[in-house]
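*Asks:* One structure coming up, written as structure tokens, with questions to follow.
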Amino acid sequence: VQLQASGGGKVQAGGSLRLSCAASARTFEAYVMGWFRQAPEKEREFVAAISGRGGARCYADSVKGRFTISRDNAKNTVYLQMNSLKPEDTAVYYCAADFGGSGDYTSESVYEYWGQGTQVTVSS
């Protein structure tokens, strides 16, 4: 499975961005999809995850109420809508895929496939 993330960029605090992650998977619906991020000199951290059919979602406390994860299985794409962005949201954002749907989706170790990352920079 190959994942291609896009949509990153530079935005002022309070602004919005939408990230996309296109997957090459033939059975995209079978994959739980997640977003993680890594800020400079920090470890990669969980942002959000969504179940195969989109019925279940979870978020990191730091982004609840501001970010929304969604997916379009017909397009093999998962999205991360980011609103009310803060400077502390600055990071490289990665999408990830887990086949089969089991485990702790906030943990990196669950995901078998990773995209290349897209940079998000929020200025104050």
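The values are calculated or read from the model by the stated rules, or taken from the named source; none is laboratory data. Because the structure is a prediction, the values reported are computed rather than measured. A quick note on method: Cβ atoms are made from the backbone with ideal geometry, for glycine too, and the neighbour counts reach across all protein chains shown. The accessibility values were calculated without ligands, DNA or RNA, using every heavy atom of the protein model including side chains. Shrake-Rupley method; radii C 1.70, N 1.55, O 1.52, S 1.80 Å.
*Asks:* Which trypsin sites (Lys or Arg not before Pro) in the stretch 19-100 sit in a loop by DSSP (not H, G, I, E or B) and have at most 12 other Cβ atoms within 10 Å of their own Cβ?
*Replies:* Arg26, Lys42, Arg53, Lys64, Lys75
*Asks:* Here's another thing I want to ask about it. In nanometres, what is the gap between the two model label sites at Lys42 and Gln81, each 7 Å from Cα along Cα-to-Cβ?
*Replies:* 2.4
*Asks:* At a 1.4 Å probe, what is the % contribution of carbon and sulfur to the accessible area of the stretch 24-71?
*Replies:* 43
*Asks:* What value does the stretch 8-124 have for Rg/Rh, both radii from Cα atoms and Rh as Kirkwood defines it?
*Replies:* With Rh from the inverse mean 1/r over Cα pairs, Rg/Rh is 0.95.
*Asks:* Taking the Cβ-Cβ separation of Glu112 and Ala74 as r and a Förster radius of 25 Å, what is the calculated FRET efficiency to the nearest 0.05?
*Replies:* Efficiency, from the Cβ-Cβ distance: 0.65.
*Asks:* Under 15 Å between alpha carbons, and skipping anything fewer than 8 positions from Lys10 in its own chain: which aspartates and glutamates qualify?
*Replies:* Leaving aside aspartates and glutamates fewer than 8 places away in the same chain, those within reach of Lys10 are Glu88, Asp89.
*Asks:* If I model a spin label as a point 7 Å beyond the Cα along the Cα-Cβ vector, how far apart are those points for Cys58 and Gln12 in nm?
*Replies:* The answer from the label model is 3.7 nm.
*Asks:* Tell me which cysteines of the chain come out unpaired when the rule is another cysteine's Cβ under 4.7 Å.
*Replies:* For the chain, the answer is Cys58, because their Cβ atoms have no other cysteine Cβ under 4.7 Å.
*Asks:* Hey, another quick one. Can you tell me, using C-alpha contacts under 8 Å and at least 6 residues apart, the relative contact order of the chain as a whole percent?
*Replies:* Normalised by residue count, the contact order of the chain is 36 percent.
*Asks:* Another question, if that's okay. Starting from the stretch 14-113, pick out the GluC sites (Glu not before Pro) whose DSSP state is loop and whose Cβ has at most 13 other Cβ atoms within 10 Å.
*Replies:* Glu41, Glu43, Glu112
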